[in-house]
1. In region 159-180, how many are more than 23 Å from ARG79 (Cα to Cα) and either touching a Gly at 6+ places or on another chain (Cβ under 8 Å) or surrounded by 12 or more Cβ atoms within 10 Å (Cβ to Cβ) (or both)?
2. Output the residue which, of all residues in region 187-201 that are in contact with a Lys or Arg (Cβ under 7 Å, 6 or more places away or on another chain) and closer than 21 Å to ASP247 by Cβ, is surrounded by the fewest Cβ atoms within 10 Å (Cβ to Cβ).
3. Find all pairs meeting these conditions: Cβ atoms under 8 angstrom apart; at least six residues apart or on different chains; first residue within region 129-152 and touching a residue at least 24 places away in the same chain (Cβ under 8 Å) and more than 25 Å from LEU86 (Cβ to Cβ); second residue surrounded by fewer than 21 Cβ atoms within 10 Å (Cβ to Cβ) and among the polar types (S, T, N, Q).
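Each reported figure results from applying straightforward, stated rules to the coordinates on display, with no laboratory input. None of these values were measured; they are calculated from a predicted model. Cβ placement follows ideal geometry from the backbone for every residue including glycine, while neighbour counts extend to all protein chains displayed.
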Amino acid sequence: MMRATRTMSRAIGTVRAGDARVNTRAGLARAMRAPRARRRAYGGVGTRASAGETSELAYKCANERATAALAAALAGVSRTGDVICLHGAVGAGKSAFARAFIRAVFDDSTLDAPSPTYLVQQRYEGDVCGADGVVRTREVHHYDLYRLKDAQEIASMVDLGESAARATSLFEWSERLGTSTPSERLDVYVRAVREDEVIENVITLDCGECEDDEDEEDEEDEDDDDVDEAYTDTAARLFRLNGRGGDWHERLRSLDI
């Protein structure tokens, strides 16, 4: 069980992941308890992106479990210094995605990771064992900029330099960053899908079926206790992943869901 404490300073919350030892790659599927998704209608990625260029993938997630599987896959290829900007309307699923991402990084499917609507920033820190077997301290800084109105407020509440140096940064309502938005980043656009909507060039993830009966029973029990208020309906979600600069092209191509 992950040991966590919280402190607050300048509207910032901190969660310390104690002495947990986590393998962010091998433990992802187990952490999120999501079965392997069925894939259909693959849409490819473009050429390697340099500064100012983009690579894009689109996923249609049939349910929240599929969203968690996608977030866990991205957590597996993320690293310190990454900036992930989440775009979408209220209730689109940004917070659900962010929470699943954070839980996957620290291999804790019950970690409390609410959207920091009033705190502005929530920090998570823990020891994580990478694919190379080396244990390193990992940080995730989760921002919700909804209540910030201008660049002055952002400058006083958000230390982008510190986050870039120490953490993987998740931004909800990242549009508020304006000209401070890093040029190298992953943009994640999320919206609900209409029941009769046809979307081309998309990977469909459907995690509604479990790999075995025991897992299905366990997941049903967990779902009763972990209903996401950020999901205001049961519609599928469309996620468009837009990697800008750096090696996001290679990392998006390497996603294993």
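1. So the count comes out to 1.
2. Once the filter is applied, the top-ranked residue is TYR189.
3. CYS129/ASN23; ALA131/ASN23
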